[in-house]
1. What is the number of the single condition among (1) crowded, with 16+ Cβ neighbours inside 10 Å; (2) assigned to a helix (DSSP H, G or I) that Ala292 does not meet?
2. Against the conditions (1) surrounded by fewer than 18 Cβ atoms within 10 Å (Cβ to Cβ); (2) within 15 Å of the ligand (Cβ to nearest atom), where does Glu21 fall short? Just the number, please.
3. Considering only residues that are part of a strand (DSSP E or B) and either out of contact with any helix residue (DSSP H, G or I) (no Cβ under 7 Å at 6 or more places or on another chain) or within 16 Å of the ligand (Cβ to nearest atom) (or both), look in region 251-289 and name the one that is farthest from Gly158 (Cα to Cα).
4. For region 58-75, how many residues meet the condition of being within 16 Å of the ligand (Cβ to nearest atom) and either basic (Lys, Arg) or buried (at least 24 other Cβ atoms within 10 Å of the Cβ) (or both)?
5. Between a first residue in region 213-226 that is modelled with pLDDT of 95 or more and surrounded by 15 or more Cβ atoms within 10 Å (Cβ to Cβ) and a second residue that is of a type in the set (Gly, Ala, Ser) and not in a helix (DSSP H, G or I), which pairs have beta carbons less than 9 Å apart while being 6 or more apart in sequence or on different chains?
6. Yes or no: Leu217 in contact with a strand residue (DSSP E or B) (Cβ under 9 Å, 6 or more places away or on another chain) and within 30 Å of Arg179 (Cα to Cα)?
7. Away from the ligand (no atom under 16 Å from the Cβ), in contact (Cβ under 8 Å) with a residue 24 or more places away in the chain and surrounded by fewer than 16 Cβ atoms within 10 Å (Cβ to Cβ): is that true of Leu32 in this structure?
8. Return the only residue of Thr104, Thr96, Thr133 being polar (S, T, N, Q) and free of Cβ contacts under 8 Å to residues at least 12 places away in the same chain.
Amino acid sequence: MKPKVYVTRLIPAVALKKLGESCDYRIWEGELAIPRDAVLREVPEVDGLISLLTDKIDGPVMDAAPRLRVISNMAVGFDNVDVPEATKRKIMVCNTPGVLTETTADFAFALLLAAARRVVEGERVVRARKWKTWGPMILLGQDVHHATLGIIGLGRIGAEVAKRGKGFDMKVVYYDTIRRSDLEEQLGVEFRDLKSLLADSDFVTIHCPLLPQTHHLIGEEQFKLMKNTAILVNSARGPIVDSKALYNALRNRQIAYAALDVTEPEPIPLDDPLLTLDNIVIAPHIASASVATRTKMAMMAVDNLLAGLKGERPPHIVNPEVLAK
Ligand code: GLV
């Protein structure tokens with residue numbers, strides 16, 4: 001009998017084709033994230049689950065799925081999965097690192113440029129039929145070249161953003177809990193503690209995972225340390241930034257601008273005060289959303305799942321301790 005798998009949203013067809021060759025799968029075909037009661041209804045018979053960052057896969061979901069052996073999350077981040085609960089139940093949890101690194105770094109840089117040069121504000125002016133003239137004082141932004149770029153989290157994506165910064169002749173500094181002397185040399189970046197990074201940077205871009213230690217890592221105190229001209233970019237996870245503090249910092253011009261691909265919560269509530277501000281660009285969590293990258297992520301999620309279901313070590317398992325005999 002083929003293993004049973006549930007897929008929580010439509011993913012690229014090539015990946016589903018491969019999955020279908022060795023598994024019986026069902027899929028949530030809704031446009032929006034699968035509601036929790038539907039997940040609980042769908043999982044009792046499944047051996048494997050392909051989940052997304054919009055799905056909360058916690059202890060109760062695992063309890064509803066007594067046969068579940070692999071949770072393959074189609075994302076590099078896996079804060080939506082309760083990994084300790086999975087480990088307790090000997091369920092493998094997998095993610096999709098690497099394939100989205102450059103695509104995500106490109107988008108972080110796109111946000112940075114958009115905020116610095118007020119691209120989206122300018123577009124709003126044109127669309128509102130309000131572009132009346134070229135003006136020497138109209139929509140003046142900030143230069144990216146030769147500015148200081150502060151990277152929080154010099155992992156795979158942070159390192160790619162550093163390269164892009166170097167390509168723009170920026171001075172690149174970073175903060176991480178692990179000092180990366182190898183990358184300091186390779187990329188020409190300098191380590192700073194978080195406080196001095198915030199104080200020195202013209203652009204602060206976040207590339208660390210969401211963990212209890214990074215929840216609201218950037219809040220009121222941190223905004224006070226930043227330059228009034230600083231621009232904050234977050235393409236990691238929304239809750240790393242305290243959004244109320246961000247609103248106050250932007251409104252009071254404690255910092256100049258923000259560009260977000262992630263919010264707290266997602267989607268951003270329609271009455272969120274951030275949406276009333278002009279000095280912010282907000283994208284709907286699309287940093288990895290290129291055709292090629294989403295296809296690779298889906299294939300990787302399927303490959304992880306199939307390996308785990310076969311009893312092999314999935315190429316990208318985040319809790320390998322479950323494999324220990
Ligand atoms: C996207 O946010 C991901 O974690 O892959």
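The values are calculated or read from the model by the stated rules, or taken from the named source; none is laboratory data. If you're wondering where the values come from, they're calculated on a predicted model, not measured in any experiment. Backbone-built Cβ (ideal geometry, glycine too); neighbour counts: all protein chains shown.
1. For Ala292, the failing item is (1).
2. Only one criterion in (1) surrounded by fewer than 18 Cβ atoms within 10 Å (Cβ to Cβ); (2) within 15 Å of the ligand (Cβ to nearest atom) is unmet by Glu21, namely (2).
3. Just the residues of region 251-289 that are part of a strand (DSSP E or B), to begin with: 257-260, 280-282.
Now narrow it down to the ones that are either out of contact with any helix residue (DSSP H, G or I) (no Cβ under 7 Å at 6 or more places or on another chain) or within 16 Å of the ligand (Cβ to nearest atom) (or both): 259-260, 282.
On the way: Ala259: 16, Leu260: 16, Ile282: 20 Å.
Filtering first and then ranking leaves Ile282.
4. The initial filter retains those residues of region 58-75 that are within 16 Å of the ligand (Cβ to nearest atom), namely 71-75.
When the remaining residues are screened for being either basic (Lys, Arg) or buried (at least 24 other Cβ atoms within 10 Å of the Cβ) (or both), the result is 71-74.
Number satisfying all stated conditions: 4.
5. What qualifies is Thr214/Gly153; Thr214/Ala236; Phe223/Ala230; Met226/Ser201.
6. Numbers: in contact with a strand residue (DSSP E or B) (Cβ under 9 Å, 6 or more places away or on another chain): yes; within 30 Å of Arg179 (Cα to Cα): yes.
Yes, satisfied.
7. Numbers: away from the ligand (no atom under 16 Å from the Cβ): yes; in contact (Cβ under 8 Å) with a residue 24 or more places away in the chain: no; surrounded by fewer than 16 Cβ atoms within 10 Å (Cβ to Cβ): yes.
Against the criterion (away from the ligand (no atom under 16 Å from the Cβ), in contact (Cβ under 8 Å) with a residue 24 or more places away in the chain and surrounded by fewer than 16 Cβ atoms within 10 Å (Cβ to Cβ)), Leu32 does not qualify.
8. On the way: Thr104 fails: free of Cβ contacts under 8 Å to residues at least 12 places away in the same chain; Thr96 fails: free of Cβ contacts under 8 Å to residues at least 12 places away in the same chain.
Thr133 is the lone residue from the list that is polar (S, T, N, Q) and free of Cβ contacts under 8 Å to residues at least 12 places away in the same chain.
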